[in-house]
Each structure stands twice: as structure tokens, then as C-alpha cells.
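S.K.: Just passing along the structure, written as C-alpha cells.
The values are calculated or read from the model by the stated rules, or taken from the named source; none is laboratory data. All values derive from a computational prediction rather than experimental measurement. Here the Cβ positions follow ideal geometry from the backbone for every residue, glycine too, while neighbour counts run over all protein chains shown.
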Amino acid sequence: MSESNNQNPQTILELTNVHTFYGKIEALKGISFSIQEGEIIALLGANGAGKSTSLKSIVGLTPPRNGRISFYGKDIRGMKPENLVEEGIIMVPEGRRIFPALTVMENLKMGAYQRNDKNGIEDDIEYIFTLFPILKSRHKQDGGTLSGGEQQMLAISRGLMGRPRLLLLDEPSLGLAPIIIRIIFDTIKKINIEQKTTILLVEQNANLALMVAHHAHIMTTGTIIHSGTAQEIMKDETVRKAYLG
């Protein structure tokens, strides 16, 4: 993974004129954007804007009908989700979706199911326990017994166990208490800085997202209507009032 301050960052992901449908309903109406290695990019907008559909289109859960999605220059549109995990694209879905009957440790190891580097896996688990110490103290508990915030920590950690080249986070703050949200977003920033992990973040809480993101795209009804650096968007009162509440 490249340093985020690389003077010549590589384009890791590029969407070009992507159209995605649910039956006859066009959910994405020709969106285009790209992500450079080491960036955090935020997709912002109200419910139904197409943010989550964008992530699902990338990982093959709702394959686009038209357009191109390339990952390090390789056309990945139409690839199966499990093959995209092998490519290094990992999504932490909305609602966490951990394995409730498995322990915290078993959930983490499930995230590394495609790896066979035992020492590396153990090192990554130890690193995760430095990110979220509560998971270390809960490592023998079943995932379903954790609080909502702890489950979100586990979901993100399970994603990290796959050593993603691109980590997709879908609404990581949803339904969580403010103090837990702060921990989650501080950790997202830490992962980006320490692990150089490139992150595409879908988040309704625009203020939080803009605090950690480098760039952001504002979506409405399946289109991107404004793009800029996080600082530019935070300072643009017209944009904030019109689209971010």
C-alpha cells in the first residue's frame, strides 16, 4: 500500500458512468469517481441517494448494468463478491452482520479465511486488540452477546483481518452512542494513517465523515451532484445547507 502523501499516488479504484438498477428502477444514474491509494473518500447524502448501492455495485452484490469499474486498472464489473475479496476489496456492511454464534476470536479468524500466514494472522489480531482493547477482553464471548458498538468494532476488525487494499465501510455510525461513534471514527483515521489502508466511507453523518475524509462526493437520487476536498465542502455553507442539513 502506498503512503497517503505519495507525490504520485496510484488510482486504486475508478467508476466510469456506472448505471445500476433494482428491477426497472435506476438506482445509480451514471456515476463516475476515482480513489487514490491512501485516501479516505466519503460518499454523503440522504437515505435513498445511492450511497450504499454504490458500494454494492463495487463488490458485485448489485452488479451494474452499464459502465466500468476498474481496480488497479483491471475491469472488475461482473466479478463475484468472493473473487473481489481475493483482489483485496472488503466491505463492512451496514448492520454489522457478524457471526453471532461464533466467539470474537472466531469472527476475527473468519475474516482471515483466505490467508495461510499463521504468524501474520496472529500479529494482525494483536494489532486489532490495540485498536479495540475491549475486544481482547471479550475474545471468548459469542459475537451476539456484544453491545452494538462492540459488534461494530468487531465487524471492522473482521474486515481488517483480510488485509484489504480497499476497505468499504457502510454507515459505521448507525445506531451507536456518541462516545462509541467517536471511538469508531478515531480508529478509522488511525487505520488509514498507520496501515495506509484506502477507505471508501458511506455515512449519513456528514460532519463526522468530513472530519476524517480527504475528499467527498455528495449524492442525491443516484447521481453525484457535488465533489471536493473535505475542507472545501465543510467551508461551503451553500452546499452544506442545501445537501447536508
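S.K.: Could you tell me whether any residue of region 45-56 is of a type in the set (A, V, I, L, M), under 30 Å from residue 207 (Cβ atoms) and at pLDDT below 95?
M.R.: Yes, the conditions are met somewhere in region 45-56.
S.K.: Also, I was wondering about something else. Taking the options 157, 173, name whichever one is within 13 Å of the chain's Cα centre (by Cα), within 26 Å of residue 204 (Cα to Cα) and free of Cβ contacts under 8 Å to residues at least 40 places away in the same chain.
M.R.: Only one candidate qualifies: 173.
S.K.: Here's another thing I want to ask about it. Of all residues in region 46-71, which are part of a loop (DSSP other than H, G, I, E, B), at negative phi and surrounded by fewer than 21 Cβ atoms within 10 Å (Cβ to Cβ)? Lay out the reasoning, then the answer.
M.R.: Keep residues of region 46-71 that are part of a loop (DSSP other than H, G, I, E, B), which gives 46-50, 59-65.
Adding the requirement that they be at negative phi leaves 46-47, 49, 59, 61-65.
Within region 46-71, 46, 47, 61, 62, 63, 65 qualify.
S.K.: I would also like to ask the following. Looking only at region 144-153, which residues are touching a residue at least 24 places away in the same chain (Cβ under 8 Å), closer than 18 Å to residue 130 by Cβ and more than 14 Å from the chain's Cα centre (by Cα)?
M.R.: Of everything in region 144-153, just one residue is touching a residue at least 24 places away in the same chain (Cβ under 8 Å), closer than 18 Å to residue 130 by Cβ and more than 14 Å from the chain's Cα centre (by Cα), namely 149.
S.K.: Please give the number of the condition residue 96 fails out of (1) touching a strand residue (DSSP E or B) at 6+ places or on another chain (Cβ under 6 Å); (2) in a loop (DSSP other than H, G, I, E, B); (3) buried (at least 21 other Cβ atoms within 10 Å of the Cβ); (4) not acidic (Asp, Glu).
M.R.: Going through (1) touching a strand residue (DSSP E or B) at 6+ places or on another chain (Cβ under 6 Å); (2) in a loop (DSSP other than H, G, I, E, B); (3) buried (at least 21 other Cβ atoms within 10 Å of the Cβ); (4) not acidic (Asp, Glu) one by one, residue 96 breaks only (1).
S.K.: Search region 61-78 for residues that are within 23 Å of residue 24 (Cα to Cα) and pair each with any residue that is part of a loop (DSSP other than H, G, I, E, B) and modelled with pLDDT of 95 or more when their beta-carbon atoms are under 6 Å apart and the residues are at least 6 apart or on different chains.
M.R.: From region 61-78, the pairs are 69/76; 77/64.
S.K.: Restricting to region 24-39, count the residues that are farther than 11 Å from residue 53 by Cβ and part of a strand (DSSP E or B).
M.R.: Total satisfying the criteria: 6.
S.K.: State all residues of region 5-15 that are modelled with pLDDT of 95 or more and loosely packed, with under 15 Cβ neighbours inside 10 Å; if no residue qualifies, say none. Outline the logic, then answer.
M.R.: Within region 5-15, the subset modelled with pLDDT of 95 or more is 11-15.
If the condition is that a residue be modelled with pLDDT of 95 or more and loosely packed, with under 15 Cβ neighbours inside 10 Å, then 11 is the only one that fits.
S.K.: Only residues that are among the hydrophobic types (A, V, I, L, M, F, W, C) and farther than 17 Å from residue 34 by Cα: list them for region 61-89, please.
M.R.: Residues satisfying the conditions are 61, 79, 84, 85.
S.K.: Same structure again: Would you check if there is a residue in region 75-82 being crowded, with 17+ Cβ neighbours inside 10 Å and at pLDDT 95 or above? Show your work before the answer.
M.R.: The initial filter retains those residues of region 75-82 that are crowded, with 17+ Cβ neighbours inside 10 Å, namely 76-77, 79.
Subsequent filtering for residues that are at pLDDT 95 or above retains 76.
Scanning region 75-82, I find at least one residue that is crowded, with 17+ Cβ neighbours inside 10 Å and at pLDDT 95 or above, so the answer is yes.
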